[in-house]
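The structure appears below as structure tokens.
The values are calculated or read from the model by the stated rules, or taken from the named source; none is laboratory data. The structure displayed is predicted, hence computed values, not measured ones. Cβ: placed from backbone, ideal geometry, glycine included. Neighbour counts: every protein chain shown. The accessibility values were calculated without ligands, DNA or RNA, using every heavy atom of the protein model including side chains. Shrake-Rupley method; radii C 1.70, N 1.55, O 1.52, S 1.80 Å.
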Amino acid sequence: EATVSVLHGIPAGAGADVVDVYAGETLLILNFTPGTLETLEVPAGTYDLAVYADGEAPGSGTAVLEAPGTSVPAGANATVTANLTEAGDPTLNVFVNDTSMVAAGQGRLTVRHIAAAPAVDVRANGDVAFSNLTNPNEATADLPAGTLSADVVLAGTTTVALGPADV
């Protein structure tokens, strides 16, 4: 078995409001809406992932997005995102989640840039934790455990694009 989380990160109105997610011919998620996260346990294997407009399916419709040959090893923990590229085009990304142990007193912060936006810096308690993060990349750091205030600013500036939010 493997754990796979699927995030519908395409904003409402961008052409993929309600979709169905398939692995080959098998329906994984029905009526998937923007902003929704579903976590599934799946057998290890290689999957042809595809997203279809609501009500369409393999053999009777055309996939909106595809990620053929996606390998899911036993014991893996991954996140698949349906999101927009920096240019605003729909895409699928697959990220492997780092679930390894952290040292006592530490917590892990992972940030993924999956927005139709330019490079950003991610700040934790006002200090840049990750700089020049671009779509579709991710950054991870082990930081002192506790609540921190995080925000996203345009790379190299103090212009807030998102947040702050307590993490």
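Miscellaneous remarks
- Each Lys and Arg adds +1 at its Cβ and each Asp and Glu adds -1 at its Cβ; summed about the Cα centre, segment 1-80 shows a dipole of about 160 debye.
- Each Lys or Arg adds one and each Asp or Glu takes one away; over the other residues whose Cβ falls under 12 Å from the Cβ of Asp121, this sums to -1.
- Net charge of Cβ neighbours under 13 Å - reference Thr159; Lys, Arg +1; Asp, Glu -1: -1
- Accessible surface for the chain, divided over its residues, is 52 Å² per residue with a 1.4 Å probe.
- Gained length - Thr99 relative to Ala119, 0.36 nm times residue gap less alpha-carbon distance: 4.6 nm
- Relative contact order (percent, whole number), the chain, Cα cutoff 8 Å, 6+ residue spacing: 17 percent
- Near Asp54: Cβ cut-off under 10 Å, other residues only, Lys/Arg at +1 and Asp/Glu at -1. The net charge is -3.
- Surface composition of the chain: carbon and sulfur make up 54 percent of the accessible area, probe 1.4 Å.
- Label of the coordinate-derived value, percent of Cα pairs over 29 Å apart, listed as (1) 35; (2) 26; (3) 18: (2)
- Cα gyration tensor shape for segment 83-139, rounded if a/c is under 1.5, else prolate or oblate: oblate
- The residue among Phe130, Ser100, Gly59 whose Cα reaches farthest toward the positive pole of the charge dipole of the chain, with charges on the beta-carbon of Lys, Arg, Asp and Glu, is Phe130.
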